[in-house]
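One structure is given below, encoded as structure tokens.
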Amino acid sequence: MLGQSENTLLINALFAAASEGGAAGWVRFLERLCAASHAEAAAVRLLASEGEGASWQLGKIALPETERLRAMRLDRVYSQIDLPGEPDWPTPLRVLKVAAGTAGQVVLMIARSGREFRAAEALPLSNLAPHLGQALSIRAALGIERSRAAMAERSAAALGAGWVALSATGAVIAHDPQVAAGLDATERLRLRHGARPEFADPEAALAFRQALAALAAGESAPRPVEMAGEPPVHLRLTQGKWQGAPAVIGHLRALPKAQDLPLGRIAGDLDLSRSEARLAVLLCDGASLREAAERLGWTLETARSTSKQIYARAGVSGQTGLLRRMLGSALWLG
């Protein structure tokens, strides 16, 4: 019979698997379940309302098909001779199915090829019955939150936005790893946990210390810290919270370049030809009309004539209007 501590460890392994994003936690849970029940194989299978649900299996013994599992009643441990459908399953098996909220239904199975399971060996499934549905509901909720966070992260990255949480003394508590990696690659800013941000530009380092001192004195932070180089990077510090505790929050923005966008997307969104889109890209990235003409190998008159066509098609007045239209649009997303 399972001891209380062993049963607790099994339940803990279940919730740990549900909380992790990958398959490794489920493998560890099934290994513990096999050890507790003396099984050779075990599996967890989600029965989604539509399509195939996720599944994790340990061992090579065949397990029942989805149709037989769907016909089972909830909250009952089945043996191989009790399974719905014909014929009886040929090897020793124990199966439990429970409701899992929005995740649908979840089935937990243990199997082996030798002797029949004793009652004490099948007890882990019964002990897990009150927790299995809850664990898979937690997994579903965390999956939704992870998907939302990933979408928000991709959108922020496309706009060149990021964040860093700092202590009152300026030490890094946490940061957006994607933006930090990009800045690290430019060698303009390094973010390391437990240390102050390292600026390659001495003027940026001084501006950071001044902004931090102003916040500590209860004043509004001065202008954003500007880091030299391309693309322009700005860091604005504000008072805020991290995990409920007071912290200094740094909002980072590395202005993205239009030249990094797919040319076809720019042409399609602004109703331009590809040659017009190439000129729009250069103007958006700050080139003058003369500089753009030189880079494209055009005459200044050709660039001027084409720019007028761009402004008319985009419904704007001049280069400033084009900049506002492009920088404020959804071009950067998707």
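Between Ser273 and Asp82, the distance separating the two model label sites (each 7 Å from Cα on the Cα→Cβ line) works out to 7.6 nm. Distant-in-sequence amide contacts of Val233, defined by a placed amide H-H separation under 5 Å and a gap of 5 or more residues or a different chain, comprise Met227.
State the percent of C-alpha pairs, over all pairs in the chain, separated by a distance greater than 28 angstrom. Before the final figure, lay out the partial values.
Working: 34549 of 55611 pairs.
In whole percent, the long-distance tail amounts to 62.
For segment 221-274, the Kirkwood radius over C-alpha pairs fed into Stokes-Einstein at 37 °C and 0.692 mPa s yields D = 233 µm² per second.
With +1 on each Lys and Arg Cβ and -1 on each Asp and Glu Cβ, how big is the dipole of segment 136-252 about its Cα centre, in debye rounded to the nearest 20? Before the final figure, lay out the partial values.
On the way: 12 positive and 11 negative charges, 92 e Å.
So the dipole magnitude of segment 136-252 works out to roughly 440 debye.
Computed on protein heavy atoms with a 1.4 Å probe, the accessible areas place Ser79, Ser288, Ser113 in the order Ser113, Ser288, Ser79, largest first. In order along segment 157-165, the Karplus-derived 3J(HN,Hα) couplings, from 6.51 cos²θ - 1.76 cosθ + 1.60 at θ = phi - 60°, round to 5, 5, 8, x, 9, x, 8, 8, 9 Hz, and Gly and Pro are given as x. With contributions of -39500 (n - 2.57) from each DSSP H run of at least four residues, the per-residue ellipticity at 222 nm computed over the chain stands at -14500 deg cm²/dmol. For segment 92-165, a Kirkwood radius taken over Cα pairs fed into Stokes-Einstein (37 °C, viscosity 0.692 mPa s) yields D = 213 µm²/s. Between Ala71 and Glu116, the C-beta separation translates, for a Förster distance of 22 Å, into a calculated FRET efficiency of about 0.45.
Mean sequence separation of contacting Cα pairs (under 8 Å, at least six apart), scaled by the length of segment 33-139, corresponds to a relative contact order of 30 percent. The amide H of Ala54, built 1.01 Å from its N in the peptide plane, has Leu46 as neighbours under 5 Å, considering only residues 5 or more places off or on other chains. In summary, the convex hull built on the alpha carbon positions of segment 206-334 has an orientation-averaged projected area of 10.3 nm². One chain, two ends: Glu219 and Glu198. Fully extended at 0.36 nm per residue, the span grows by 5.2 nm beyond their Cα-Cα distance.
Using C-alpha pairs under 8 Å with a sequence gap of at least 6, the mean separation divided by the residue count of the chain gives a relative contact order of 10 percent. Give the Debye-formula value of log10 I(q)/I(0) at each listed q (0.10, 0.15, 0.16, 0.20 Å⁻¹), with one equal scatterer per alpha carbon of segment 73-228, two decimals each. Values, matching the q order: -0.62, -0.85, -0.93, -1.21. Full extension of the chain between Leu255 and Glu294 yields a length gain of 11.7 nm, computed as 0.36 nm times the residue separation minus the alpha carbon distance. Share of carbon and sulfur in the accessible area of the chain stands at 53%, probe radius 1.4 Å. For Trp242, the residues whose modelled amide H falls within less than 5 Å of its own, excluding neighbours fewer than 5 places apart on the same chain, are Ala247.
The slack between Phe15 and Gln309, meaning 0.36 nm per residue of separation minus the straight C-alpha distance, is 99.8 nm. Beta bridges assigned by DSSP with both partners in the chain are antiparallel in approximately 100 percent of cases.
What are the semi-axes of the equivalent ellipsoid for segment 1-87, taken as the square roots of 5 times the Cα gyration tensor eigenvalues, largest first, in whole Å? Write down the numbers at each step before the final one.
Working: eigenvalues 107, 60, 31 Å².
Over the Cα atoms of segment 1-87, the ellipsoid semi-axes are 23, 17, 12 Å.
The values are calculated or read from the model by the stated rules, or taken from the named source; none is laboratory data. This one's a predicted model, so the numbers in the text were calculated from it and none came from an experiment. Note that each Cβ is placed from the backbone with ideal geometry, even for glycine, and that neighbours are counted across all protein chains shown. Ligands, DNA and RNA are stripped out before the accessible areas are found, and what is left, the full protein with its side chains, is counted by its heavy atoms. Shrake-Rupley method; radii C 1.70, N 1.55, O 1.52, S 1.80 Å.
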